Amino acid sequence: MASIRRPHSPAKQQHLLRHHHGLSSSPPSSPLRHSSSSSPRAHHPHPLLLFSRRPLPLPRFAAFFLLGSFLGLLQFLSHNDPSLPLQHNPQPQFPILRRSAADHKLLIVVTPTRARPSQAYYLTRMANTLRLVHQPLLWIVVQAGNPTPEAAAALRRTAVMHRYVGCCHDLNASSSTPRHYRPHQINAALDIVDNHRLHGIVYFADEEGVYSLHLFHHLRHIRRFGTWPVPVISQGTNEVVLQGPVCKQGQVVGWHTTDDTNKLQRFHVSLSGFAFNSTMLWDPKLRSHLAWNSIRHPEMVKESLQGSAFVEQLVEDESQMEGIPADCSQIMNWHVPFGSESVVYPKGWRVATDLDVIIPLK
């Protein structure tokens, strides 16, 4: 006769499992899991029994949590006791300089250049100055003629954000004087600002000039048109001529000039002695006056009158100018004469001949 085994009730199954657990060291087997051991006696415990063996001490955990919270609050109140003396932190060795909204204005520095032996020297020196200026800054370098690989490589090594373009290809840069194609280079840079609607302060910086960092700091505070005096070193006599505005409380009240031939100029200002807002180029509503369709450097005007003729397109009179600084008493940049033009420009800036040893080492 076949025997029939009836399953136990759930309560009796739990009693048998607990009784089996107390007699044997091996955990009871679970019908949901199989042992991975080779021995048939190795079993895994039931998941529900893991939580039923050792109940969590919730009252004890809550007591320790409340005690720790009370001690932390007590320590916090002791540090903020008004009866205790305040502990001041020592001053940092290097104070943190907070930049204003004007310091984030874009500076657009325009530098005309040409191929010659000292080109790498002038571009590198100018780049070392611009690297110390706070960003954002865009350096537009305009080459007289086609751009050269040597100048492009020198500019890439400067780590300054720049735009290197060429202009006036129909002009013979070797036979023409630098002042002859300088207006074409400036207009090529103004075309870039106008076409791309760049919003910032435009400044013409000659690569031969010497500039201080205070100048670029003052440039960002210009609203429309700013100017300052610039000492010009005469190339023939090595005399210093101060050219620029005479200011009083930020207003231009006169001009410095010692050259009698330039008394016919309307504004006695050097090309590197003023800066203006770029919106005056591409937004007619923001110009000082609406007398010009486009503002460009004059190309057919006498060389000594070109700077004044360009400024006349930007402002009507001295009341629309800003003196930098307020009394225009600081010299922030120098205009030096051009370098020697008698040196032959080597191709690739490499000497390919006369490399024989004249005096051998002994």
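Residues in segment 139-161 that are crowded, with 20+ Cβ neighbours inside 10 Å and under 15 Å from Ala189 (Cα atoms): 6 in all. Picking from residues in segment 216-239 that are surrounded by 12 or more Cβ atoms within 10 Å (Cβ to Cβ) and at pLDDT below 85, the one that is nearest to Leu106 (Cα to Cα) is Val232. Given Leu132, Leu155, Leu138, which one is assigned to a loop (DSSP other than H, G, I, E, B), farther than 30 Å from Lys302 by Cβ, of a type in the set (A, V, I, L, M, F, W, C) and under 21 Å from the mean Cα position of the chain (by Cα)? Result: Leu132 is the single residue among Leu132, Leu155, Leu138 that is assigned to a loop (DSSP other than H, G, I, E, B), farther than 30 Å from Lys302 by Cβ, of a type in the set (A, V, I, L, M, F, W, C) and under 21 Å from the mean Cα position of the chain (by Cα). Only one of the listed residues (Leu305, Leu286) is over 30 Å from the mean Cα position of the chain (by Cα) and surrounded by fewer than 21 Cβ atoms within 10 Å (Cβ to Cβ). That residue is Leu305. Exactly one residue out of Val311, Val301 is part of a helix (DSSP H, G or I) and closer than 19 Å to Gln185 by Cβ: that is Val311.
Applying the set (1) modelled with pLDDT under 80; (2) in a loop (DSSP other than H, G, I, E, B); (3) among the small types (Gly, Ala, Ser) to Ser270 leaves exactly one unmet item: (1).
The values are calculated or read from the model by the stated rules, or taken from the named source; none is laboratory data. Nothing here was measured: the structure is a model prediction, and the numbers come from that model. For neighbour counting, all protein chains shown are included, and Cβ atoms are generated from backbone atoms with ideal geometry for every residue, glycine included.
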